[in-house]
Amino acid sequence: MAFSRPGSTPHTRQVTVKPLHLVAGLSADMVFLRAFGSAGFNGRVHSVFQRVINIERPGGGLFTLACRDLDNAPDSVLVDSADFSDVQVVAHQRVTTVGKLMRVGPSLGIQFDAIKAWTGELPLYPHDTSLLRRNLNVLTGHLQRTTDGGGMLRLPTGGSAFEHEVSAALAKRSGCLCEALLCRDLEEARVHAKSMIGLGPGLTPSGDDYLVGLFAALNVGRSPGLALRCTCLGMIAGAELATNAISYAALSKAATGRVRAALSDFIERLLHGTEFDFLAPLTRVLAIGSTSGSDIVAGIVSGLRLQLEFGRAMKPASAGV
């Protein structure tokens, strides 16, 4: 029974329900699409950035909603939006799917009706490596002339003593890792790789970004060092405790040869492109994060140089190589 003062009118609270903001999905990783189509998806928002929303799966791991000007990537969906600034999505909100609609919190819906599948594959290693050798030399000279200080491509000229110590440690540990891989000392390689995980500044630390690039190069199909891809997962065993979830997601995918389209395109141009064909994809990779792109490039260069050395060792001495 409700009570009110004589002559008064009941107070009615006005509740404004914001309409669902619908966004079309443009393209998505084929692996993710298959899982989405077969069993749907339930999870929660992990983190929100201007152009990216990371969503946590119930059993662990992340997938990403990315705005249309970004590139395709593993476990990612590109959506037809310039940014996520007006959708009012925050961490810990529920994510559910009904049919071909994914609801992210109470205010955002992603439509999967006309989405295209993206199959990310690394290029095949060439039989003739002359283009790769030339392109790596040209790339090295280009980076020395144009890359600003920071990241693993060049030690910073400014910054604190601590930043210099971290950069020096990254350079030393990556060198030891490559030497161990070249000698096929896999146990030593795992030790040096683990020492790089979580090391360096940024949301994805420099050591992690370097390993992403290195793993991508080691997973190139038909390459002389392809057998080493089996040890990539061993290098990051336990890494989920040493770095953050976003960085670990990139590491675990790269360890099995799954990398974003910009990296695959860059590697393809280095392997098969004519002179300076790599410049456009290089620009896209360097634009990743603050120093993440340059750290990834450093890892790719190291990995491809290792591939050349593996190939040299495999050729008979009579070949004069």
*Given the peptides 306-314, 123-131, 188-196, arrange them by the average over their residues of other C-beta atoms within 10 Å, most packed first.*
188-196, 306-314, 123-131
*asked:* What is the sum of charges, Lys and Arg at +1 and Asp and Glu at -1, for the other residues whose Cβ falls under 9 Å from the Cβ of VAL95?
replied: +2
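Please give me the summed charge of the neighbours of ALA313: other residues whose Cβ is under 15 Å from its Cβ, Lys and Arg +1, Asp and Glu -1.
Charge balance near ALA313 sits at +1.
Assign unit charges at the C-beta atoms only (+1 for Lys and Arg, -1 for Asp and Glu), then state the dipole size of the chain relative to its Cα centre in Debye, rounded to the nearest 20. Numbers along the way, then the final one.
Details: 31 positive and 27 negative charges, 133 e Å.
Taking the Cα centre of the chain as origin, the dipole is about 640 debye.
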*asked:* Which residue fluctuates most in the GNM of the chain (Cα springs below 10 Å): LEU108, LEU270, LEU170?
replied: LEU108
*asked:* What does the C-alpha gyration tensor say about the overall shape of segment 21-118? Classify as rounded when a/c is under 1.5, otherwise prolate if a/b is larger than b/c, or oblate.
replied: rounded
*Kindly give the semi-axes, whole Å and largest first, of the ellipsoid equivalent to segment 130-317, taking each as the square root of 5 times a Cα gyration tensor eigenvalue.*
23, 21, 16
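Projected area of the chain, taken from the Cα convex hull and averaged over every viewing direction, in nm²?
Numbers: hull surface 93.6 nm².
Result: 23.4 nm².
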*Residue with peak Gaussian network fluctuation, the chain [Cα springs, cutoff 10 Å], from SER76, SER292, SER223*: SER223
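Counting only helical runs of four or more DSSP H residues, what would the 222 nm mean residue ellipticity of the chain come to if each run contributes -39,500 (n - 2.57) and the total is spread over all its residues?
After summing the helix terms and dividing by the residues of the chain, the value is -13000 deg cm²/dmol.
Starting from the Cα gyration tensor of segment 246-321, multiply each eigenvalue by 5, take the square root, and state the resulting semi-axes largest first in whole Å. Mind showing how you got there, number by number?
On the way: eigenvalues 142, 54, 20 Å².
Calculated on Cα positions only, the semi-axes equal 27, 16, 10 Å.
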*Enumerate the helices in the chain for which the Kyte-Doolittle hydropathy averages -0.5 or more and the C-alpha atoms extend at least 27 Å along the helix's axis, using complete DSSP H runs.*
161-182, 292-314
_Of ALA245, MET152, LEU270, which is farthest towards the positive pole of segment 130-317's charge dipole, taken about the Cα centre with +1 and -1 on the beta-carbons of Lys, Arg and Asp, Glu respectively?_
LEU270
_Under 10 Å, Cα contacts only: if you run a Gaussian network model on the chain, which one of GLY225, GLY273, GLY198 comes out with the highest mean-square fluctuation?_
GLY273
*Segment MET314-HIS21, length gained on full extension (0.36 nm per residue, minus Cα span)*: 99.8 nm
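Every number in this text was worked out from the coordinates using simple rules, so none of it is lab data. The structure displayed is predicted, hence computed values, not measured ones. FYI the Cβ positions are ideal-geometry reconstructions off the backbone, even for glycines, and counts take in every protein chain you see.
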